[in-house]
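This is the structure, below, for whatever I ask next.
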Amino acid sequence: VTAKEIAEALGLEKARAPIDPKLEAKLRERGLIFLIYPIYHKAKMGGASWWHNEDVPVAAVDSHYGEGRGYFTLAHETVHIIHHLPNRESGHTCRLDPFIATAALKVEERQTNEIASQLLMPVSEYPEAKKTIKDMGVRPGIAELTREWKVSQQALGIRLVEWDILKNDQISYLFIRKQRDPEKESGSFIRPYADRFGNAAVTSDLIYRL
């Protein structure tokens, strides 16, 4: 499956960034159960996905993630649901520890990240990205595009390298702390939903469905 095929299936082929909120809405319209839960605290996982009773897609994202990383994880888990899980009896967990992942899983995770990145940052955004980086410089430009597109700086940096707007050494500062603890990240992915639904909250012992 490609990012283009997913976008076309969801009616997002002509959508402009930020894609993330539109993606979430389209997935929920099609029956995806989207869980926000402190799974990193419980099981050291950044995200998880599975088919409930073989016909209901479920994606879980850690509630401590900031908005950009949270949306990217949702896109990542969506790719697993569509591309990888139909051939599995069980679900998929995305652990943050690289030492427990097999070589095959590492390749699968890298490919999944690439598709998620292409889905959230389609090639139609290339002109804006190039102009922003040229006008503002690397670090201010990345910060601006991250805010505008609602993506993580790491995902954006990789996409800018893929587009040949930047070189690897120009984004290396984004990956100094390779294994980041989501519990220490600024912001919380739950905040946009708390704002939208009032005091509806997620605690360490509660999962709720949006």
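Kindly check whether there is at least one residue in segment 120-135 that is open to solvent by 50 Å² or more (accessible area, probe 1.4 Å) and touching a Phe, Trp or Tyr at 6+ places or on another chain (Cβ under 6 Å).
So far as segment 120-135 goes, yes, one or more of its residues are open to solvent by 50 Å² or more (accessible area, probe 1.4 Å) and touching a Phe, Trp or Tyr at 6+ places or on another chain (Cβ under 6 Å).
For segment 138-147, state whether one or more residues are modelled with pLDDT of 50 or more, open to solvent by 80 Å² or more (accessible area, probe 1.4 Å) and in a helix (DSSP H, G or I).
Yes - at least one qualifying residue is present in segment 138-147.
Got at least one residue in segment 16-30 being touching a residue at least 24 places away in the same chain (Cβ under 8 Å), of a type in the set (A, V, I, L, M, F, W, C) and surrounded by fewer than 16 Cβ atoms within 10 Å (Cβ to Cβ)?
So far as segment 16-30 goes, no, none of its residues is touching a residue at least 24 places away in the same chain (Cβ under 8 Å), of a type in the set (A, V, I, L, M, F, W, C) and surrounded by fewer than 16 Cβ atoms within 10 Å (Cβ to Cβ).
I'd like to check something: does segment 80-90 contain any residue that is closer than 20 Å to GLN154 by Cβ, modelled with pLDDT of 85 or more, within 13 Å of the chain's Cα centre (by Cα) and part of a helix (DSSP H, G or I)?
Yes, segment 80-90 has at least one match.
Looking at segment 34-43, is at least one residue in contact (Cβ under 8 Å) with a residue 40 or more places away in the chain, of a type in the set (A, V, I, L, M, F, W, C) and closer than 18 Å to VAL1 by Cα?
No - not one qualifying residue is present in segment 34-43.
Kindly establish whether LYS106 is basic (Lys, Arg) and either at positive phi or modelled with pLDDT of 90 or more (or both).
no
Among the residues of segment 1-24, write down those that are farther than 13 Å from PHE72 by Cα and acidic (Asp, Glu).
Listed by number, the residues that qualify are GLU5, GLU8, GLU13.
Look through segment 148-169, keep the residues that are open to solvent by 70 Å² or more (accessible area, probe 1.4 Å) and within 23 Å of VAL1 (Cβ to Cβ), and return whichever of them is nearest to the chain's Cα centre (by Cα).
So the residue we want is ILE158.
The values are calculated or read from the model by the stated rules, or taken from the named source; none is laboratory data. Remember, predicted model here, so these are calculated numbers, not experimental data. FYI the Cβ positions are ideal-geometry reconstructions off the backbone, even for glycines, and counts take in every protein chain you see. In case anyone asks, the SASA skips ligands and DNA or RNA and just uses the protein heavy atoms, side chains included. Shrake-Rupley method; radii C 1.70, N 1.55, O 1.52, S 1.80 Å.
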